[in-house]
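Report on the following structure.
The values are calculated or read from the model by the stated rules, or taken from the named source; none is laboratory data. Bear in mind that the values here come from a model prediction, so they are computed numbers and not experimental data. As a convention, Cβ positions derive from the backbone with ideal geometry for all residues, glycine included, and neighbour counts pool all protein chains shown.
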Amino acid sequence: MKKITIIGAGPAGLTAAYEILKKSDEYEVTILEKTNRIGGIACTVCHNENYMDLGGHRFYSKCDFITKWWQTVPQVPLLNKKRKSEIYFNRNFFDYPIKLNYKNLSALGLKELMLIFIDYIKAQLVKKEENSLEDFYINRFGKRLYEIFFKDYTKKVWGISPDKISPDWGSQRVKGLNIFEVFKDCYKSALNIKNTHNTQTSLIDEFYYPPYGPGQLWNAVAEEIIKMGGKIKFNCNVSRFHTEKNQIVEVSYVYAGMETYEQTEIIISSMPIKTLISGIESVPDAIRKVSNGLVYRDFITVGVLVNSMDIKTDDCWIYMQDKSVTMGRIQIFNNWSESLVRESGKTVWLGLEYFCSKGDHLWNKSDNEMAQLAADELVKAGIILDTHSILDTHTERLEKAYPAYFGTYENMHEIIQFLDSFDNLYCIGRNGQHRYNNMDHSMLTAFECVKNIIENNKCKDNIWKVNTEKEYN
């Protein structure tokens with residue numbers, strides 16, 4: 001049997017292991033996971049019988065076989081959920097996706113609407129060369145709308161101005177979305193026309209969701225992997241790779257303070273590219289320089305249990321565009337699934353999301369300081385009346401949650417070429433490709449990887465091309 005080592009037990013790594021074991025009995029599969037959890041960023045954390053989905057994971061894909069794959073995971077029912085989100089801006093709540101209704105139009109005001117329309121027409125008449133994410137947004141929405149809803153929020157998420165970020169981020173996350181698509185979606189909604197395959201991903205209004213969050217599904221997948229003979233080793237911090245010619249032949253990882261070595265014939269990596277390259281022997285200086293310059297955004301979620309909210313909403317998410325607060329989003333876990341909350345009828349379980357960089361002022365705050373910041377901002381935004389409403393809090397930190405499209409990202413092609421020089425190395429998933437993938441895109445990289453392994457195809461172009469096309473896969 002050929003030995004396959006998979007680094008990372010997130011959606012990409014788990015999908016790869018499951019598919020390999022299901023399709024062939026020629027491989028011995030071992031997953032090395034750095035943490036003690038399954039699911040990566042798509043795990044579910046339990047605190048005092050209340051469950052946190054770190055980042056919010058809608059189970060939605062335009063690839064039917066991905067949806068069917070989710071639905072066939074044993075013992076995991078999927079709830080069919082209505083997508084409901086709002087934007088909080090300038091002390092007002094706007095529907096997201098935006099709708100042409102009285103609530104939104106009156107909140108903006110006639111003067112602002114006219115300025116938005118005029119700037120949009122200008123943007124369509126004179127297109128900017130797209131050298132940055134700012135150019136990308138202005139071309140699709142006009143300068144005025146960009147400055148209201150995109151500029152400050154993007155800076156909050158990434159820590160730098162959109163004019164310093166590659167337009168690739170927009171093409172992969174926003175894709176074909178523009179004002180025309182928003183108007184078209186409003187028109188279809190008014191006529192109750194549904195065609196999800198032609199709907200922009202940002203505008204979907206339904207999705208699937210496991211009762212106990214994404215971790216419920218990925219834990220079930222992990223159990224199936226073990227039943228099929230696969231191994232999952234936790235708390236294994238992969239640190240070094242021994243190479244011979246164009247092969248990686250041995251993996252070194254630290255477990256319980258001891259360094260362990262495992263020989264391997266195939267490596268599937270979903271670990272951050274920066275960490276992967278730091279552990280490979282004899283990396284050219286130019287490649288190491290590009291790798292060291294890759295940037296990530298880290299993430300803090302503060303769970304806040306309250307006895308009541310000062311607003312009534314059925315939102316899954318509230319996007320906090322307003323500059324008056326530091327938080328980026330609020331999840332209302334009751335509205336994702338009542339099973340996430342121990343006493344859903346009596347309490348409300350919130351997840352306040354903060355975008356940061358490891359070592360900055362937010363990251364360095366203690367759990368108590370983060371809880372206090374969350375409490376103060378909930379009151380400031382009018383979400384709760386006062387801090388006496390708070391019953392419990394819990395803080396989670398995630399490193400390298402979001403691969404960034406600045407730093408040395410423009411030289412990613414050099415890194416890809418170097419990594420592909422190893423015949424038996426396959427890079428998959430969000431961090432494995434330094435690409436801001438959705439969960440289904442990460443799974444697609446795993447499917448393509450498994451296909452190549454079984455067919456003994458050494459070319460990895462099909463794996464790297466996932467989520468690079470202008471239209472959704």
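Brief remarks on what is shown
- Residue check, Gly407 crowded, with 16+ Cβ neighbours inside 10 Å, in contact (Cβ under 8 Å) with a residue 60 or more places away in the chain and out of contact with any Ser or Thr (no Cβ under 8 Å at 6 or more places or on another chain): yes
- For the residues Asn90, Asn80, the requirement of being in the same structural domain as Glu353 (by TED's automatic domain parsing) and more than 30 Å from Gly215 (Cα to Cα) singles out Asn90.
- Taken as a whole, the structure places Val45 among residues that are within 23 Å of Leu305 (Cα to Cα), surrounded by fewer than 20 Cβ atoms within 10 Å (Cβ to Cβ) and of a type in the set (Val, Ile, Thr).
- Filter pass, Ile415 being part of a helix (DSSP H, G or I), under 15 Å from Glu265 (Cα atoms), out of contact with any Gly (no Cβ under 7 Å at 6 or more places or on another chain) and assigned by TED's automatic domain parsing to the domain that holds Ala286: no
- Taken over the stretch 121-138, the criterion of being in a helix (DSSP H, G or I) and surrounded by fewer than 21 Cβ atoms within 10 Å (Cβ to Cβ) is satisfied by Ile121, Lys122, Gln124, Leu125, Asp135.
- For the stretch 74-105, a residue qualifies if it is modelled with pLDDT of 80 or more and over 19 Å from Tyr319 (Cα atoms), and the qualifying residues are Pro74, Gln75, Val76, Pro77, Leu78, Leu79, Asn80.
- Candidates Glu343, Glu338, Glu369: the one that is within 26 Å of Pro97 (Cβ to Cβ), assigned by TED's automatic domain parsing to the domain that holds Ile87, charged (D, E, K, R) and at pLDDT 95 or above is Glu338.
- Selection of the stretch 264-320 for residues being within 19 Å of the chain's Cα centre (by Cα) and among the aliphatic types (A, V, I, L, M) yields Met271, Ile273, Leu294, Val295, Ile300, Val302, Ile318, Met320.
- Residue that is of a type in the set (Phe, Trp, Tyr), without any contact (Cβ under 8 Å) to a residue 40 or more places away in the chain and part of a helix (DSSP H, G or I), where the choices are Phe117, Phe94: Phe117
- Arg430 being of a type in the set (Lys, Arg), touching a strand residue (DSSP E or B) at 6+ places or on another chain (Cβ under 9 Å) and either at pLDDT below 95 or assigned by TED's automatic domain parsing to the domain that holds Leu352 (or both): no
- The set of residues in the stretch 321-331 being under 20 Å from the mean Cα position of the chain (by Cα) and surrounded by fewer than 21 Cβ atoms within 10 Å (Cβ to Cβ) consists of Thr326, Gly328.
- Taken over the stretch 300-339, the criterion of being farther than 20 Å from Ser357 by Cβ and hydrophobic (A, V, I, L, M, F, W, C) is satisfied by Val304, Leu305, Val306, Met309, Ile311, Cys316, Trp317, Ile318, Ile330, Ile332, Phe333, Trp336.
- Residues (at pLDDT 95 or above, crowded, with 17+ Cβ neighbours inside 10 Å and in contact with a Ser or Thr (Cβ under 7 Å, 6 or more places away or on another chain)) located in the stretch 448-473: Ile463
- Among the residues of the stretch 29-45, those identified as within 18 Å of Thr301 (Cβ to Cβ) and either aliphatic (A, V, I, L, M) or assigned to a strand (DSSP E or B) (or both) are Ile38, Ile41, Ala42, Thr44, Val45.
- Tabulated pairs, the stretch 147-164, first under 17 Å from Asn90 (Cα atoms) and without any contact (Cβ under 8 Å) to a residue 24 or more places away in the chain, second charged (D, E, K, R) and crowded, with 19+ Cβ neighbours inside 10 Å, C-beta under 9 angstrom, 6+ apart or interchain: Phe150/Glu134; Lys151/Glu134; Thr154/Glu134
- Residues that are basic (Lys, Arg), buried (at least 17 other Cβ atoms within 10 Å of the Cβ) and not in a loop (DSSP other than H, G, I, E, B) within the stretch 58-90 comprise just one, Lys81.
- Single residue of the stretch 265-301 satisfying the filter (in a strand (DSSP E or B) and among the polar types (S, T, N, Q)) that is surrounded by the fewest Cβ atoms within 10 Å (Cβ to Cβ): Thr301
- Complete set of residues in the stretch 219-259 that are outside any strand (DSSP E or B) and over 30 Å from Tyr436 (Cβ atoms): Ile226, Lys227, Met228, Gly229, Lys245, Ala256, Gly257
- Pair list, Cβ under 7 Å, 6 or more apart: the stretch 1-30 residue more than 22 Å from Asn437 (Cβ to Cβ), other residue among the aromatic types (Phe, Trp, Tyr) and surrounded by fewer than 24 Cβ atoms within 10 Å (Cβ to Cβ): Met1/Tyr27; Lys2/Tyr27
- Failed item, numbered, when Tyr354 is tested on (1) on the phi > 0 side of the Ramachandran plot; (2) within 20 Å of the chain's Cα centre (by Cα): (1)
- Selected residue [touching a residue at least 24 places away in the same chain (Cβ under 8 Å), of a type outside the set (Lys, Arg), over 25 Å from Asp285 (Cα atoms) and part of a strand (DSSP E or B)] from Thr395, Thr445: Thr395
- Remark: Glu262 matches the filter, which requires a residue to be assigned to a strand (DSSP E or B), of a type outside the set (A, V, I, L, M) and either at pLDDT below 95 or farther than 30 Å from Ala404 by Cα (or both).
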